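**Q** The structure follows.
Taken together, the values in this text are just the output of simple stated rules run on the coordinates, not laboratory data. Not measured: the values here are computed from a predicted model. Note: ideal-geometry Cβ built from the backbone for every residue, glycine included; neighbour counts use all protein chains shown.
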Ligand code: GLU
């Protein structure tokens, strides 16, 4: 059976973009006769708040979206991510990264002032410098013994050599196609942070497998991240879901919606008297048989 999921992070209130994603998941799950799960991606204990999580449930219930079973809260499953991390560590693909944010910035600035370009990842962050990867084991061990704060990173070059070429099945934007994965563009991605014992990439891949998700439907802003997800799936021996990266809902001036912009927040729209049907129309997903959508859905 097809299994879909909507996976918001409770670090702000939901806006029209989330409504579109959740409603599209619902529509595709219903069309496939499948299930729709809710996952609360709350690994970032600093930024996630109980009131935002309550808001997610409230907004989704107001939209009339019923999920199959209780929500999976990532913060209750750190042991699952630790097990996956151990497996990657056992394969020799993980190293401790001690460089602080400031040290990374200094490294990159020095390279660039020497006239050399320093690559950035698809999200625009500079690739992680090779300093920690190339650190002698004796030095790294001494730092670990001294309790120096560190993250854990994937040795991308080694991981690529183990995994070989990868692709994924994509149906966003109309045609179905096979997209070649390009995880190298992300460099040595983070698998566990200094404060958080996992990362977005690791937990999303583990959860999609544990929840037996067959269809990942999410925004195009996560298209490039799928390359990393395919790599981790391959390394961990996990099945590859189908992917559908949908268009992003823009505000009146054409900018991507952000959690901070209140004029498109579902709670604000509800307070202003908008109905769930009007939200559906605004995102181009009017209920079948209902009023005509304001825009066609090229998702
Ligand atoms: N938690 C992510 C977000 O709110 C979505 C992750 C995903 O769908 O893979 O942007």
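**Q** What's the long-distance tail for region 112-177, i.e. % of Cα pairs beyond 21 Å?
**A** 54 percent
**Q** Also, quick follow-up: In what order do 67, 223, 6 fall by count of nearby beta-carbon atoms within 10 Å, going from fewest to most?
**A** Fewest-to-most Cβ neighbours within 10 Å comes out as 223, 67, 6.
**Q** Relative contact order for the chain: what is it in percent, counting Cα pairs under 8 Å that are at least 6 residues apart? Provide the component values of the computation, followed by the final result.
**A** Numbers: 468 pairs, mean separation 69.2, N = 299.
23 percent.
**Q** How far is helix 50-63 tilted off the main Cα axis of the chain, in degrees rounded to 10, range 0 to 90?
**A** Once rounded, one gets 40 degrees.
**Q** What is the order of 91, 1, 156, fewest Cβ neighbours within 10 Å to most? Display every interim value, and only then the final one.
**A** Numbers: 91 14, 1 8, 156 21.
By the 10 Å Cβ count, ascending, the order reads 1, 91, 156.
**Q** In Å, the Kirkwood hydrodynamic radius of region 208-267 over pairs of distinct alpha carbons?
**A** Taking the inverse mean of 1/r over all distinct Cα pairs, region 208-267 comes out at 13.6 Å.
**Q** From the mean inverse distance of alpha carbon pairs (Kirkwood) and the Cα radius of gyration, derive Rg over Rh for region 93-202.
**A** Details: Rg = 16.3 Å, Rh = 15.8 Å.
Rg/Rh: 1.03.
**Q** Please compute, for the alpha-carbon atoms of region 23-87, the extent along each of the three principal axes and give them in descending order in Å.
**A** 38, 30, 17
**Q** What translational diffusion coefficient, to the nearest whole µm²/s, does the chain have by Stokes-Einstein, given a Kirkwood radius computed over alpha-carbon pairs, a temperature of 37 °C and 0.692 mPa s viscosity?
**A** It comes out at roughly 158 µm²/s.
**Q** Suppose we look only past 20 Å in the calculated P(r) of region 1-113. What percent of the Cα-Cα pairs does that tail hold?
**A** Value for region 1-113: 58 percent of Cα pairs lie more than 20 Å apart.
**Q** Determine the calculated [θ] at 222 nm for the chain from helices alone, applying -39500 (n - 2.57) to every DSSP H run no shorter than 4 residues and normalising by the residue count; nearest 500 deg cm²/dmol.
**A** On the way: 10 runs with 109 residues, N = 299.
About -11000 deg cm²/dmol.
**Q** How long are the semi-axes of the equivalent ellipsoid of region 173-255, taking √(5λ) for every eigenvalue λ of the Cα gyration tensor, in whole Å from largest down?
**A** The equivalent ellipsoid of region 173-255 has semi-axes of 23, 17, 13 Å.
**Q** While we're looking at this one, here's another question. Viscosity 1.002 mPa s, temperature 20 °C: what is the translational diffusion coefficient of region 69-138 from Stokes-Einstein with a Kirkwood Rh over Cα pairs, rounded to a whole number of µm²/s?
**A** 141 µm²/s
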